[in-house]
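The values are calculated or read from the model by the stated rules, or taken from the named source; none is laboratory data. These numbers were taken from a predicted model, which means no experiment stands behind them. As a convention, Cβ positions derive from the backbone with ideal geometry for all residues, glycine included, and neighbour counts pool all protein chains shown. Calculation scope for accessible area: heavy atoms of the full protein, side chains included, ligands and nucleic acids excluded. Shrake-Rupley method; radii C 1.70, N 1.55, O 1.52, S 1.80 Å.
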Amino acid sequence: MVDKKRLPSLDGLRAISAAMVVLGHAGKALHVGRNLPFGAGVIDVWGPVGVTVFFVISGFLITRLLLEERDRTGTISLRAFYWRRTFRILPAYWTYLAVVAVLASFGVVAASPGAFARAIFFTTNYLNPGSWVVNHSWSLSVEEQFYLFWPFLLLLLGAFKARKTAIALMIATPLMRVITFVFIPGMRPNITAMLHLRVDALMLGCWAALELEEFGTSRVLDFLARPVVALGSTFYLLVISCVMRRAGVINAGFGYSIEAISALSVITWGLRNADSAVGRVLNSKPFVHVGVISYSLYLWQQLWLSHELPAPIWRVPLQVLGAVVCAELSYRFVEVPMLKLRSSLKATPDKQPQLAPVRAA
């Protein structure tokens with residue numbers, strides 16, 4: 001039964017996205033999956049594809065929450081937003097970094113002070129930390145940088161202009177990727193990570209939330225929610241994107257965008273079809289639970305699933321189990337207590353002047 005307090009299917013989709021990251025890294029550890037044309041693999045590319053799904057979900061959810069606050073209070077409190085995000089993101093992240101720092105001090109893992117500094121300040125999407133165990137913080141860096149500008153823009157511009165801004169960024173970002181690929185070849189490996197070259201995935205989710213807010217429906221979203229489109233999008237995410245990811249400038253220009261649109265198609269279908277057979281699976285307790293712990297799972301799988309050296313097949317399931325156990329512990333003993341503390345220390349509404357009220361149009 002779907003929890004009415006949560007958007008249907010999103011936790012299940014988070015679970016699948018987290019599983020894609022875990023399986024992708026497990027596949028790299030085993031050096032398997034390279035069975036497609038052009039030397040492309042399937043499993044080993046699921047990790048970054050899963051992150052794209054996370055980005056689209058994040059843009060949609062953050063915008064929806066901000067719009068709900070506006071409808072409830074008449075404005076958006078930046079202070080309250082950053083208060084919520086601080087308690088949601090930082091405690092589990094800092095706990096992970098603290099454990100890694102201890103392991104690094106004993107030589108168990110490789111991570112320099114500079115790598116930790118870049119991870120702590122969320123700059124690893126632009127400044128490579130050179131350490132596997134903190135390298136995945138690039139996606140958190142993208143998220144945190146997104147938090148710095150999007151709520152402010154939504155408050156300043158209003159929903160109508162913010163929607164147009166999201167569309168403009170969705171158009172400009174692929175062009176910037178192509179320019180970077182062609183004219184700055186040294187930065188090609190970083191295209192997947194830099195905010196200004198990946199912001200279109202986040203903006204797509206933001207646009208979807210704003211589109212529904214302004215019009216209540218959308219022909220584009222209706223089309224993306226069609227079963228045949230969602231099925232094709234699923235196939236793209238699981239198979240075709242794994243070839244496209246290695247298609248150079250074609251991927252820079254079109255691949256990432258199609259990947260994000262495919263993610264939105266699956267998300268939109270899931271939101272509208274919670275009572276279908278697939279929807280019931282996505283909203284089942286096991287899927288919802290994995291979705292709930294997906295943030296901690298994303299953090300801890302990096303420590304367990306290094307692919308720098310090939311791992312024997314018997315060891316990888318144990319490594320996955322280790323990541324899941326750490327994620328459970330992190331969720332129960334870090335995330336949940338911090339969220340309870342956040343509720344008990346709930347920030348009072350801002351009394352400072354707001355930049356501007358947010359209007360639907």
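For region 63-93, name all the residues that are open to solvent by 10 Å² or more (accessible area, probe 1.4 Å), in contact with a helix residue (DSSP H, G or I) (Cβ under 8 Å, 6 or more places away or on another chain) and within 19 Å of M338 (Cβ to Cβ).
Listed by number, the residues that qualify are A80, Y82, W83, R84, R85, F87, R88, I89, P91.
Take the residues of region 196-224 that are closer than 17 Å to F254 by Cα and out of contact with any Ser or Thr (no Cβ under 6 Å at 6 or more places or on another chain): which is surrounded by the fewest Cβ atoms within 10 Å (Cβ to Cβ)? Please lay out each step first, then the result.
Taking region 196-224 and keeping what is closer than 17 Å to F254 by Cα, we get 196-204.
Next cut, out of contact with any Ser or Thr (no Cβ under 6 Å at 6 or more places or on another chain) only: 196-198, 202-204.
Numbers: H196: 16, L197: 23, R198: 24, L202: 30, M203: 29, L204: 25.
Among those that are closer than 17 Å to F254 by Cα and out of contact with any Ser or Thr (no Cβ under 6 Å at 6 or more places or on another chain), it is H196.
Applying the selection to region 230-246, what residues are under 23 Å from L169 (Cβ atoms) and either surrounded by 23 or more Cβ atoms within 10 Å (Cβ to Cβ) or out of contact with any Asp or Glu (no Cβ under 9 Å at 6 or more places or on another chain) (or both)?
If the condition is that a residue be under 23 Å from L169 (Cβ atoms) and either surrounded by 23 or more Cβ atoms within 10 Å (Cβ to Cβ) or out of contact with any Asp or Glu (no Cβ under 9 Å at 6 or more places or on another chain) (or both), then S233, L237, S241 are the ones that fit.
Is there any pair with a first residue in region 200-229 that is touching a residue at least 24 places away in the same chain (Cβ under 8 Å) and a second that is open to solvent by 10 Å² or more (accessible area, probe 1.4 Å) and of a type in the set (D, E) whose Cβ atoms are under 8 Å apart and which are 6 or more apart or on different chains, and what are they?
Every condition considered, the pairs that remain are L221/E211.
To keep it simple, each residue is scored yes or no on (1) small (G, A, S); (2) within 17 Å of the chain's Cα centre (by Cα).
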position	(1), (2)
S265	yes, yes
T268	no, yes
R272	no, no
D275	no, no
P286	no, no
H289	no, no
L303	no, no
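Taking only region 316-338 into account, find how many residues are open to solvent by 50 Å² or more (accessible area, probe 1.4 Å), touching a helix residue (DSSP H, G or I) at 6+ places or on another chain (Cβ under 8 Å) and modelled with pLDDT under 95.
Of the residues in that region, 0 qualify.
For region 323-343, which residues satisfy the criterion of being touching a residue at least 60 places away in the same chain (Cβ under 8 Å) and touching a Leu at 6+ places or on another chain (Cβ under 8 Å)?
Answer for region 323-343, where residues must be touching a residue at least 60 places away in the same chain (Cβ under 8 Å) and touching a Leu at 6+ places or on another chain (Cβ under 8 Å): A323, S330.
Would you point out the residue of region 102-119, among those that are in contact with a helix residue (DSSP H, G or I) (Cβ under 7 Å, 6 or more places away or on another chain) and assigned to a helix (DSSP H, G or I), that is surrounded by the fewest Cβ atoms within 10 Å (Cβ to Cβ)?
Restricting to residues being in contact with a helix residue (DSSP H, G or I) (Cβ under 7 Å, 6 or more places away or on another chain) and assigned to a helix (DSSP H, G or I), the top hit is F116.
Would you check if L169 is over 14 Å from G248 (Cβ atoms), out of contact with any strand residue (DSSP E or B) (no Cβ under 7 Å at 6 or more places or on another chain), open to solvent by less than 40 Å² (accessible area, probe 1.4 Å) and in contact (Cβ under 8 Å) with a residue 24 or more places away in the chain?
no
Taking W304, is it hydrophobic (A, V, I, L, M, F, W, C), within 19 Å of A92 (Cβ to Cβ) and open to solvent by 60 Å² or more (accessible area, probe 1.4 Å)?
yes
Select, from R163, R118, the only residue that is within 22 Å of D71 (Cβ to Cβ) and among the charged types (D, E, K, R).
Exactly one of R163, R118 is within 22 Å of D71 (Cβ to Cβ) and among the charged types (D, E, K, R), namely R163.
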